[in-house]
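In what follows, a single structure is set out as structure tokens and then discussed.
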Amino acid sequence: MSALIELKNIYKIYHMGDAEVHALDGINLKIEKGEFVAIVGQSGSGKSTAMNIIGCLDVPTSGTYHLNGVDVSTMKDDDQAEIRNKMLGFIFQQYNLLPRLNVMENVELSLLYAGVGAEERHKKAMDALRRVGLETKAKNMPNQLSGGQQQRVSIARALAGDPSVILADEPTGALDSRTSREVLSFLQELNQEGNTIVLITHDNSIAVKAQRIVRLQDGKIIYDGSASAPEAVVQPVEAGERDGA
């Protein structure tokens, strides 16, 4: 049985003038259903590019990406959009809530794009809000909520379509430390309920809340293993430091 997420020999190459930039440099990665994986790296490591490919927001220059056994690496934009709507839920740093829609309407939006009927859409959205403890805020506007509540609305939006994978991109980046802990605790609860979660972060203290850490540097995977292992949080040594510069 194939992994839920399987990247094989993935390259993403950008051309900057005469130079080639390898944002991803031949990475291989498998994530099984029900895992909680943190993809970690500093700015420029390739973690955002990896997220965009896993999230069907971009395609690799070469290599293959199978999502639940389906090769999505060469799909056209419309087909990728359909996969995103049906199989992926996104949680972003800045929440990405539409200010003119109330909480319920924001959660329903992805279901609307997926072609779900009004009655079922309303039920799924309310169920998702109940899961994050915000069913009483359904009619509130986003600006009437705290940052932590807005992030929980974005989690409800990600959950509403019952996705195969929840992709969380720096989900605590705009939150204070107490609210960050609450959001991370909630992601752990979702994982314990059987949800597959891929967390993108630059912060080791957040990454260790996952079960497994995949660390990227210069487009390559330099660590893939348990989040509790000491080497999981060792910062990579820069070339200049190795050379004594």
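Which count do you get for residues in the range 148-169 that are over 18 Å from Asp127 (Cα atoms) and open to solvent by 30 Å² or more (accessible area, probe 1.4 Å)?
Number of matching residues: 1.
Is it true that some residue in the range 41-49 is modelled with pLDDT under 95, in a loop (DSSP other than H, G, I, E, B), touching a strand residue (DSSP E or B) at 6+ places or on another chain (Cβ under 9 Å) and not small (Gly, Ala, Ser)?
So far as the range 41-49 goes, yes, one or more of its residues are modelled with pLDDT under 95, in a loop (DSSP other than H, G, I, E, B), touching a strand residue (DSSP E or B) at 6+ places or on another chain (Cβ under 9 Å) and not small (Gly, Ala, Ser).
How many of the residues in the range 69-94 are open to solvent by 60 Å² or more (accessible area, probe 1.4 Å) and of a type in the set (Ser, Thr, Tyr)?
1
Counting residues that are in contact (Cβ under 8 Å) with a residue 40 or more places away in the chain, which helices (runs of 4 or more DSSP H) fully inside the range 102-205 reach at least 3?
Numbers: elements: 103-113, 118-131, 147-160, 177-192.
The qualifying helices (runs of 4 or more DSSP H) are 103-113, 147-160, 177-192.
I'd like to verify a number: residues in the range 1-34 that are within 17 Å of the chain's Cα centre (by Cα), within 17 Å of Tyr223 (Cβ to Cβ) and open to solvent by 40 Å² or more (accessible area, probe 1.4 Å), how many?
Selection size over the range 1-34: 1.
Can you tell me which residue in the range 182-191 is surrounded by the fewest Cβ atoms within 10 Å (Cβ to Cβ), limited to those that are more than 26 Å from Gly44 (Cβ to Cβ) and not hydroxyl-bearing (Ser, Thr, Tyr)?
Per the stated criteria, the residue is Glu189.
From Ile53, Ile13, Ile27, which residue is assigned to a strand (DSSP E or B) and either in contact with a helix residue (DSSP H, G or I) (Cβ under 9 Å, 6 or more places away or on another chain) or under 22 Å from Arg212 (Cβ atoms) (or both)?
Every option except Ile27 fails the conditions.
Identify the single condition in (1) surrounded by fewer than 21 Cβ atoms within 10 Å (Cβ to Cβ); (2) at pLDDT 90 or above that Val103 does not satisfy, given that it satisfies every other one.
Going through the list (1) surrounded by fewer than 21 Cβ atoms within 10 Å (Cβ to Cβ); (2) at pLDDT 90 or above, Val103 breaks only (1).
Of (1) at pLDDT below 85; (2) under 22 Å from Asn106 (Cβ atoms); (3) open to solvent by 20 Å² or more (accessible area, probe 1.4 Å), Thr179 satisfies all except one. Which?
(3)
Given the criteria closer than 20 Å to Lys30 by Cα and in contact with a Ser or Thr (Cβ under 8 Å, 6 or more places away or on another chain), does Leu97 qualify? Let's see the steps before the verdict.
Numbers: closer than 20 Å to Lys30 by Cα: no; in contact with a Ser or Thr (Cβ under 8 Å, 6 or more places away or on another chain): yes.
When the stated conditions are applied, Leu97 does not pass them.
So, in the range 192-207, of the ones that are touching an Asp or Glu at 6+ places or on another chain (Cβ under 8 Å) and open to solvent by less than 40 Å² (accessible area, probe 1.4 Å), which residue ends up farthest from Asn52 (Cα to Cα)?
Thr196
Hey, any hits in the range 217-237 for a residue that's assigned to a helix (DSSP H, G or I) and in contact (Cβ under 8 Å) with a residue 24 or more places away in the chain? Outline the logic, then answer.
Applying the first criterion (assigned to a helix (DSSP H, G or I)) to the range 217-237 yields 230-233.
Keeping just the survivors that are in contact (Cβ under 8 Å) with a residue 24 or more places away in the chain gives 232-233.
So far as the range 217-237 goes, yes, one or more of its residues are assigned to a helix (DSSP H, G or I) and in contact (Cβ under 8 Å) with a residue 24 or more places away in the chain.
Does Val132 satisfy the criteria of being within 29 Å of Thr179 (Cβ to Cβ) and among the β-branched types (Val, Ile, Thr)?
Values: within 29 Å of Thr179 (Cβ to Cβ): yes; among the β-branched types (Val, Ile, Thr): yes.
Against the criterion (within 29 Å of Thr179 (Cβ to Cβ) and among the β-branched types (Val, Ile, Thr)), Val132 qualifies.
List the number of the failed condition for Tyr113; all other conditions in (1) more than 19 Å from Pro171 (Cα to Cα); (2) touching a helix residue (DSSP H, G or I) at 6+ places or on another chain (Cβ under 6 Å); (3) modelled with pLDDT of 95 or more hold.
Here Tyr113 meets the rest and fails (3).
Count, please, the residues in the range 64-83 that happen to be in contact with a helix residue (DSSP H, G or I) (Cβ under 9 Å, 6 or more places away or on another chain) and not in a loop (DSSP other than H, G, I, E, B).
Matching residues across the range 64-83 total 4.
The values are calculated or read from the model by the stated rules, or taken from the named source; none is laboratory data. Since this is a predicted model, take the numbers as computed values, not measurements. Positions of Cβ are generated from backbone atoms using ideal geometry, with glycine treated the same way; all protein chains shown enter the neighbour counts. When the accessible area is computed, the model is the full protein with side chains, heavy atoms only, and any ligands, DNA or RNA have been set aside. Shrake-Rupley method; radii C 1.70, N 1.55, O 1.52, S 1.80 Å.
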